[in-house]
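Mind having a look at this structure? Questions to follow.
Throughout, read-outs are computed from the coordinates displayed, never taken from laboratory work. Remember, predicted model here, so these are calculated numbers, not experimental data. Virtual Cβ from ideal backbone geometry, glycine too; neighbours counted across all protein chains shown.
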Amino acid sequence: MFGLDAKFAVGAVLLIGVILIAGCTQQPQAEQTLKIGVVASMTGSASTTGKDIWQSAVLAVEEINADGGVYIKDLGRKVPIEAILGDDESTREGGQKAVTRLVTEDKVDLLVGGFSSAVVSSHQAIVNEHQVPYIVTGASSPIITQRTDMPTSTTFHYCPTTDDYGRQTTLFANEVIRPAINEKFGFSSGRPLRMALIYQDSPYGKGVQTAVINTIEQEHLPITIVANETFKMGETDYRTLLTSVKAAQPDVIYPATFINEQIPLVTQARRDVGINAIFLAVECNDDPDYYSGVGQYGDYSVIESRFSPYTIPPGALADNISRFKQDFEKRWGGFPGMMGASTYEGVYIAAQAVENAGSRDKAAVVTALHSLEMPEIIEEMEGGVIQFTPEFREAKFDLYMEQLRWNETARNLRPVIVWPDHLNEGDFILPDWFEAV
């Protein structure tokens with residue numbers, strides 16, 4: 001089992017020979033390394049997140065290699081990890097091309113990463129054909145492991161699904177935001193919350209929309225969907241859509257977007273269209289680039305999260321999280337985002353599964369992932385253990401909600417955890433500019 005020393009031993013990898021990152025001029029022989037393909041959107045609309053995924057994967061590889069690498073029983077020794085980048089270009093076609101190269105030319109032992117659900121689902125046929133273990137750390141649509149049109153038995157979902165966080169966000173809105181509005185404006189306690197949905201035309205976007213509607217129906221929540229709008233993935237101008245949403249007079253607006261979409265959407269809503277509602281955000285936006293990109297237009301908005309660049313939840317993992325952030329800043333000169341954090345852990349999960357299997361044999365590694373039980377690393381897990389559910393191979397996280405507040409000292413937004421109670425850092429606040437009807 002990889003201990004804390006292994007997790008956070010950021011040392012000079014030259015001590016063990018060579019930095020094994022794709023693109024180095026000196027490449028070791030295949031039998032001397034564990035080859036992990038990292039699927040990341042380095043170009044295109046999701047490039048901000050892709051950079052975070054790749055940099056975090058590199059950090060994990062360097063840490064493990066600095067500790068000697070991964071012990072493989074059938075070789076009788078430790079071998080270093082070789083990380084190989086596959087840029088999916090933020091497109092379905094780019095993902096297919098990148099994964100095909102990683103699998104057939106680079107002959108990777110495992111894959112980690114993958115951000116867009118649409119992109120990942122489009123290259124799963126290649127993964128299935130070659131039976132490659134794939135630890136998906138970003139794409140959140142349940143279709144990734146629950147689809148019925150092809151086998152997905154070698155794919156493992158290491159991020160909350162849209163079912164998980166769509167439900168939690170909806171419960172929070174009903175439990176916290178709705179009573180705050182009703183109290184401030186003197187409405188009856190039974191007044192329904194007016195919610196608008198704006199979602200990307202992808203499995204991810206549709207998954208969030210479906211989760212919200214299902215939660216409202218299943219829990220019999222007093223929430224009314226007053227607008228239900230979709231947009232093309234990668235869109236940049238939302239003003240026409242937002243004008244229609246404004247006319248519906250929502251209390252809260254829940255967009256299912258990526259960072260490169262959420263920033264202009266919120267900015268245009270507050271600055272150009274004059275919407276004075278509370279904006280919600282999906283966890284993939286909990287990234288330093290979102291905070292700086294949306295600026296004061298994001299003041300008092302809310303993000304569902306499991307890892308934040310600017311706050312550390314109280315608990316047993318606080319020191320681990322702090323150390324990871326410090327090591328990331330030292331290596332890359334900035335703060336890690338959530339997708340980076342989960343991919344960092346994904347590399348450790350891959351290494352542990354290979355060690356448990358005692359082999360790089362793909363079938364053996366898949367079996368090891370099915371039975372994996374290892375301590376949580378930097379993200380809070382249900383039960384404190386990283387493992388995958390038997391039926392759909394999904395990991396379960398302890399999710400929380402943050403409200404963003406403008407910080408004059410930092411001249412930037414900073415998060416405050418406002419729910420659930422056991423992680424609470426402060427109360428949810430309705431801003432003075434908020435309007436309700």
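Given 0.36 nm per residue, what is the gain on full extension from residue 43 to residue 100 after removing their alpha carbon distance, in nm?
Values: separation 57, 0.36 × 57 = 20.52 nm, distance 1.76 nm.
Extending this stretch completely gives an extra 18.8 nm.
Rounded to the nearest 500, what is the 222 nm mean residue ellipticity of the chain from helices alone, with -39500 (n - 2.57) per DSSP H run of 4+ residues and division by all residues? Before the final figure, lay out the partial values.
Working: 14 runs with 157 residues, N = 437.
Taking each H run of at least 4 residues, the total per residue is -11000 deg cm²/dmol.
Moving on to the next point. What does the net charge come to around residue 272 if you take all other residues with beta carbon closer than 12 Å to its beta carbon, with K and R at +1 and D and E at -1? Working shown, then result.
On the way: positive: 239, 246, 270, 271; negative: 237.
Every neighbour counted, the sum reads +3.
Could you tell me the calculated FRET efficiency between residue 131 and residue 424, based on Cβ-Cβ distance and R0 = 56 angstrom, to the nearest 0.05?
E(calc), rounded to 0.05, equals 0.80.
Once you put a point 7 Å from the Cα of residue 175 and another 7 Å from the Cα of residue 75, both along the Cβ direction, what distance in nm separates them?
Modelled inter-label distance: 4.6 nm.
Quick one: grab the alpha carbon gyration tensor of segment 138-296, order the square roots of its eigenvalues as a ≥ b ≥ c, and give me rounded if a/c is under 1.5, else prolate or oblate depending on whether a/b is larger than b/c. Write out the running numbers ahead of the final one.
Numbers: a/c = 1.93, a/b = 1.28, b/c = 1.51.
Oblate, since a/c reaches 1.5 and b/c is not below a/b.
Given an 8 Å cut-off on Cα distances and at least 6 residues of separation, report the relative contact order of segment 60-189 as a percent.
On the way: 166 pairs, mean separation 18.9, N = 130.
The normalised contact order for segment 60-189 reaches 15 percent.
Please give, to one decimal in nm, the separation of the simple spin-label points placed at residue 370 and residue 332, each 7 Å out from Cα toward the Cβ.
Here the modelled spin labels are 3.4 nm apart.
Averaged over every viewing direction, what's the projected area of the C-alpha convex hull for the chain? Give it in nm², one decimal, please. Walk me through the intermediate numbers first.
Values: hull surface 79.4 nm².
Taking a quarter of the hull surface, the average projection is 19.8 nm².
Considering only Cα-Cα distances, which of the following residue pairs are longer than 25 Å: 325/396; 78/330; 51/97; 107/396; 206/396? Present the calculation step by step, with values, prior to reporting the outcome.
Numbers: 325/396 23 Å; 78/330 27 Å; 51/97 19 Å; 107/396 30 Å; 206/396 21 Å.
Checking Cα-Cα distances, 78/330; 107/396 exceed 25 Å.
Report the far tail of the P(r) of segment 212-321, meaning the percent of Cα-Cα pairs longer than 21 Å.
Working: 2494 of 5995 pairs.
The proportion of pairs with Cα distances above 21 Å equals 42 percent.
Something else about it: Around residue 318, with a cut-off of 13 angstrom between Cβ atoms, what is the net charge of the other residues, counting Lys and Arg +1 and Asp and Glu -1? Walk me through the numbers before you get to the answer.
Values: positive: 323, 325; negative: 319, 376, 379, 380, 425.
The answer is -3.
Let me ask you something else. Grab the other residues whose beta carbon is less than 12 angstrom from that of residue 422, score K and R as +1, D and E as -1, and report the net. Each step should come with its number before you reach the end.
On the way: positive: none; negative: 380, 398, 421, 425.
So the surrounding residues net to -4.
Quick check: residue separation of residue 185 and residue 220 times 0.36 nm, minus the Cα distance between them. What number comes out in nm?
Working it through step by step, the gained length comes to 10.3 nm.
Can you compute the modelled spin-label distance between residue 201 and residue 148, with each label point 7 Å from Cα toward Cβ, in nm?
2.6 nm
Run the reach check for residue 184 against lysines, Cα to Cα strictly under 22 Å, same-chain hits fewer than 8 apart removed. What comes back?
246
Something else now. So what is the relative contact order of segment 113-226, in percent, for Cα pairs below 8 Å that sit 6 or more residues apart?
Details: 153 pairs, mean separation 28.9, N = 114.
Reported as a whole number, the value is 25 percent.
Here's another thing I want to ask about it. Give me the distance between the Cα centres of segment 106-141 and segment 392-418, rounded to whole Å.
Between the Cα centre of segment 106-141 and that of segment 392-418, the gap is 27 Å.
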